[in-house]
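The values are calculated or read from the model by the stated rules, or taken from the named source; none is laboratory data. Please read all numbers here as calculations on a predicted model, not as lab measurements. Here the Cβ positions follow ideal geometry from the backbone for every residue, glycine too, while neighbour counts run over all protein chains shown. Side chains are part of the model used for accessible areas, which takes the heavy atoms of the whole protein and leaves out ligands, DNA and RNA. Shrake-Rupley method; radii C 1.70, N 1.55, O 1.52, S 1.80 Å.
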Amino acid sequence: MNPSFNLDLILDATIFAVLKHHGLVRKDENASPYITHPLAVAREIYTTGQVNDQHILIAAILHDTIEDTPTTADEIRSQFGEEVLAIVLEVTDDKSLEKQRRKWLQVIHAPQLSHPARIIKLGDKIVNCRDILNTPPKNWNLTRRQEYIQWAADVIFQVRGANTALENTFDSLLSEAEASLNFHLRPFSSVHERPYAPREGKSSP
């Protein structure tokens, strides 16, 4: 695979993300530096998905900066351009909303995502599900881990067709999760029965 991207910009994005996520940690027992997550997502997209689009890789590295740090859209636009910013914004949750609401919106908005945003969504869910299986957040019980895997499966159901290699990797993780977490994934047709689905009497977009 011959890179077709500007390595300087990839490294600039990495340094930017490292500084923005400084002091933030993952939820695993070792409290791993948070920056390991976006870098793992970019690596998954590049190595497994064979994606070498510069804008996608930079957006993958930056995908949690606006959502989880004080980073502004103007900062990303000025340093990395409008195209990268547009991708990052597509995969950024509105943290002012209640968590279950945000999860539901990820599911129902997924089909509207651009191809680059779908690629990042796949990479993100692969990395998170792998972590749920191998280095789960401390204090997460079995049910919570199962529910996360189910939610990730629901989101990815909505972006199928974006990248076969990434989807195959994700499907392998789902099979591993069913075996190791001792549960069966429910079909997407029952998505309205999920804990994060709007209850009767509440409106959905």
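Selection among Leu97, Val25, Phe183 by position relative to the dipole of the chain gives Phe183 as farthest towards the positive end (Cβ unit charges, Cα centre). The distance between label points at Ser190 and Thr143 comes to 1.6 nm (points 7 Å beyond Cα on the Cα→Cβ vector). The residues packed around Pro111, meaning those with a beta-carbon under 14 Å from its beta-carbon, carry a net charge of +1 if Lys and Arg are +1 and Asp and Glu are -1. Would you mind classifying segment 9-168 by shape? Square roots of the alpha carbon gyration tensor eigenvalues, ordered a ≥ b ≥ c; an a/c under 1.5 is rounded, otherwise it is prolate if a/b is larger than b/c and oblate if not. The shape class here is rounded.
Using a 1.4 Å probe on the protein heavy atoms, what percent of the accessible area of the chain belongs to carbon and sulfur?
On the way: 5350 of 10430 Å².
The computed percentage sits at 51.
Write out the chymotrypsin sites (Phe, Trp or Tyr not before Pro) in segment 61-161 meeting two conditions: DSSP loop, and at most 15 other Cβ atoms within 10 Å of their Cβ. Sites meeting the loop and neighbour criteria: Trp140. Scalar couplings 3J(HN,Hα) for segment 26-34, obtained by applying the Karplus form with A = 6.51, B = -1.76, C = 1.60 to θ = phi - 60°, are 7, 8, 6, 4, 8, 6, 4, x, 4 Hz; x denotes Gly and Pro.
Per residue, the chain exposes an accessible area of 51 Å² to a 1.4 Å probe, with every protein chain left in place.
Would you grab the residues whose amide H sits under 5 Å from the one on Val25? Only those 5+ places off in sequence or on another chain, please, with H modelled 1.01 Å from N. Those lying under 5 Å, H to H, from Val25 are Tyr34. Sites count as exposed loop sites when they are GluC sites (Glu not before Pro), lie in a DSSP loop, and have at most 11 other Cβ atoms within 10 angstrom; the longest stretch of the chain without one is 99-199.
Heavy-atom accessible area for Asp12, with the other protein chains in place and a 1.4 Å probe, reaches approximately 80 Å².
Here the spin labels are modelled as points 7 Å beyond Cα on the Cα-Cβ line, and at Ile108 and Gln79 they lie 3.5 nm apart. Computed from point charges on the beta carbon alone (+1 for Lys and Arg, -1 for Asp and Glu), the dipole magnitude for the chain about its Cα centre is near 680 Debye.
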